[in-house]
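The values are calculated or read from the model by the stated rules, or taken from the named source; none is laboratory data. Just so we're clear, the structure is a prediction, and the values are computed from it rather than from any experiment. Reconstructed Cβ throughout: ideal geometry from the backbone, glycine too, with neighbour counts over all protein chains shown.
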Amino acid sequence: MSPDLARIIAMDTFDVRFPTSRELDGSDAMNPDPDYSAAYLVLRTDSPDELAGHGFTFTIGRGNDVQVAAIEALRSHVVGRSVDELCADPGLVSRSLVGDSQLRWLGPEKGVMHMAIGAVVNAVWDLAAKRQRKPLWKLLADADPEWLVSQVDFRYLTDALTPAEALDLLRRGKEGREEREDALLRKGYPAYTTSPGWLGYSDEKLARLAREAVAAGFAQIKLKVGADLDDDIRRCRVARSVVGPHVRMAIDANQRWNVDDAVAWVGALAEFDPYWIEEPTSPDDILGHAAIRDAVAPVKVATGEHVQNRIVFKQLLQAGAIDVLQLDAARVGGVNENLGILLLAAKFGVPVCPHAGGVGLCELVQHLSMFDYVALSRTTQDRVIEYVDHLHEHFTAPVVIRDGHYVAPTVPGFSADMERASLTAYTYPDGAFWVADRAAVPGPSAAEGSDDTPRDSLGVRA
Ligand SMILES: [Mg+2]
């Protein structure tokens, strides 16, 4: 068969969970025991090139099965479709998924269903980039501005950003593109690391990891805060004393506070010169973020990993509520919606410092920042991609960090391919890892962190 007749013939899904809660990796004030998980899908085709589109969204354990079920609800929108058509215009699939007249009731454009849409849309982009034999960042950076604009859904955005303004931004983004692409390939894209700052780590581990981060070339670290003020003061003091005055130190409360608490708590940590306060309160509270920002300046306010769609980002920008926009590659409706969010940020002049970590989020989001630098914002000034040193070994083309920078990926696609052995071993509950885990500790709740033990309001097991 010639490749241009190829169709999507299957969407395989996987509930993949890693037992990260055992080491308190990823622990913060709201999520004390995450088991980093991926609701993962593979779009298979009948093309002789045997390329497949991989996509996923990230969860932290229980509920990953719900997320997989949401992805499966989208199957009929992609299976049977022409590969050529989808890859030439991933906006087609984005529009058809967002527009499903019955599934839309479960959102619209928010929550589990929207994350499922993002996973499927991202898998289509992965396939499109593989077929063009380009890493996704380069596919986007090489694309015609008109085509990129056609990929964005401007519904609910035009009071803040019109298609004509977006086109203008993208045309300007082309100026000097070659030099920036050279610089990206030479130097990479700046990263910061959250690895030292998980709430469950001892002071000794925090100090050691912070020291190692600076030695490895990171110019910014991040600490989780918000559970106990005395602990936070002590941990910020330890970290600041280790990294010195010039390394940026961000703090992240993971939505723990009311607006007043946020203002008071950040005030109490001000002597340690935090660079930004991340997720001080609910990601839906636009005016709350604006009030916090007014009160805590010059500490910057950042949010985005739980911002559900482009419309909330629009309002955060319109309200002057954030200094730093932290988009996430797998939270919203995929690359198409993230293009809209990058364009909004460019219009408002707010730097994008993406959320990453989890499972595979670093692998995905590097492509969006690199496109942003090469062909939209044209700068890496005050821009950094989060980096967490977890679970990269499960990917076939894991991120590479050199001197505190992400090395630009050159492998075609969206860097989403997980090793087949990892997919099968960590599939929950019947993969080899979980079967062995249950055998080692008899009883139905052996899968620690994935059990059903009652928890209090912060998720701590009762
Ligand atoms: Mg965060």
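With the structure loaded, tell me whether ALA447 is modelled with pLDDT of 95 or more and either in a loop (DSSP other than H, G, I, E, B) or not small (Gly, Ala, Ser) (or both) or whether it fails that test. No. Would you check which residues across the range 31-48 are over 18 Å from the mean Cα position of the chain (by Cα) and modelled with pLDDT under 95 and list them? Once the filter is applied, which keeps residues that are over 18 Å from the mean Cα position of the chain (by Cα) and modelled with pLDDT under 95, the range 31-48 yields PRO32, ASP33.
All conditions in (1) touching a Ser or Thr at 6+ places or on another chain (Cβ under 6 Å); (2) within 16 Å of the ligand (Cβ to nearest atom); (3) β-branched (Val, Ile, Thr) hold for THR20, with the sole exception of (1).
Among the residues of the range 225-233, are any within 21 Å of HIS289 (Cα to Cα), in a loop (DSSP other than H, G, I, E, B), within 16 Å of the ligand (Cβ to nearest atom) and out of contact with any Phe, Trp or Tyr (no Cβ under 7 Å at 6 or more places or on another chain)? Yes. Only one of the listed residues (ASP28, ASP33, ASP49, ASP65) is in a helix (DSSP H, G or I) and of a type outside the set (Val, Ile, Thr). That residue is ASP65.
Candidates in the range 270-293 are the residues that are away from the ligand (no atom under 16 Å from the Cβ) and of a type in the set (A, V, I, L, M, F, W, C); of these, the one that is nearest to the chain's Cα centre (by Cα) is ILE286. Looking at the range 361-407, which of the residues that are among the basic types (Lys, Arg) and out of contact with any strand residue (DSSP E or B) (no Cβ under 8 Å at 6 or more places or on another chain) is farthest from GLY55 (Cα to Cα)? Checking each candidate, the answer is ARG378.
Among residues of the range 102-136 being of a type outside the set (Gly, Ala, Ser) and assigned to a loop (DSSP other than H, G, I, E, B), the one that is nearest to GLY63 (Cα to Cα) is LYS110. ALA262 passes every criterion in (1) among the aliphatic types (A, V, I, L, M); (2) farther than 28 Å from GLU212 by Cα; (3) away from the ligand (no atom under 16 Å from the Cβ); (4) buried (at least 18 other Cβ atoms within 10 Å of the Cβ) apart from (3). Taking the range 85-94, which residues are in a helix (DSSP H, G or I) and crowded, with 16+ Cβ neighbours inside 10 Å? The answer is LEU86, CYS87, PRO90, GLY91, LEU92, VAL93, SER94. One residue stands out in the range 294-338 among those that are acidic (Asp, Glu) and surrounded by fewer than 24 Cβ atoms within 10 Å (Cβ to Cβ): the one that is farthest from the ligand (Cβ to nearest atom), namely ASP294. Give me the residue from the range 145-170 that is of a type in the set (Asp, Glu) and in a helix (DSSP H, G or I) and, out of that set, farthest from ALA319 (Cα to Cα). The extreme case among them is GLU146.
Would you point out which residue out of GLN318, GLN326 is polar (S, T, N, Q) and over 18 Å from the mean Cα position of the chain (by Cα)?
GLN318
Restricting attention to the range 1-19, the residues being modelled with pLDDT of 85 or more and farther than 18 Å from ALA421 by Cα number 7.
The set of residues in the range 450-462 being exposed (fewer than 11 other Cβ atoms within 10 Å of the Cβ) and either modelled with pLDDT of 50 or more or among the acidic types (Asp, Glu) (or both) consists of ASP452, ASP456.
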